[in-house]
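Below is one structure, written out as structure tokens; comments come after it.
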Amino acid sequence: MEDKKIFKLALFTAILGLVGMMFSANYVTPQNVQIKDINRGMLDKEVTVEGLVTSVDQSQNGETYFLELMDGTGKIKVVIFENTAFEIQKNGINILNFNKQRIKVVGSVTEYHGSLELVLKDASLNKITILA
């Protein structure tokens, strides 16, 4: 009889934990960092960075955008691939207008040809916003 009670308690605790994680997942926010603090230990992690866009470039086919972001501690490239760019522009935002604007961006840290970059994977408005 004791084993059944332990099993029920363990099952209840596991279900309660899973439900709690599901509800709290929406409230977990990415870490705010300065560009100088971004390192290879953060690969594949989502971080929030604020800074001034110093340039906006497009790929040869014009569907991927590269924003150069500077925050006073360093520079980093923010990559917006075509599917995300399409979603942003569908919301009436021209990515080229980010040039010389202060923005806040939430992106995943990646490495490309030895350089760290931020990749904007989600086009929701809270992932990239113009601050000034």
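The values are calculated or read from the model by the stated rules, or taken from the named source; none is laboratory data. Just so we're clear, the structure is a prediction, and the values are computed from it rather than from any experiment. Side chains included, ligands, DNA and RNA excluded: accessible areas come from the protein's heavy atoms. Shrake-Rupley method; radii C 1.70, N 1.55, O 1.52, S 1.80 Å.
Taking only protein heavy atoms and a 1.4 Å probe, the accessible area of the chain is 56% carbon and sulfur.
Hey, what number do you get for the chain at 222 nm if only DSSP H runs of n ≥ 4 count, each worth -39500 (n - 2.57), divided across all residues, to the nearest 500? If you can, show how the numbers build up before the last one.
Working: 2 runs with 32 residues, N = 132.
Helix-only estimate at 222 nm: -8000 deg cm²/dmol.
Heavy-atom accessible surface of Lys121, to the nearest 10 Å², is about 130 Å², with a 1.4 Å probe and all protein chains retained. Per residue, the chain exposes an accessible area of 67 Å² to a 1.4 Å probe, with every protein chain left in place. Comparing the chain with the 2.2 N^0.38 Å rule of thumb, its C-alpha radius of gyration ratio is 1.41 (two decimals).
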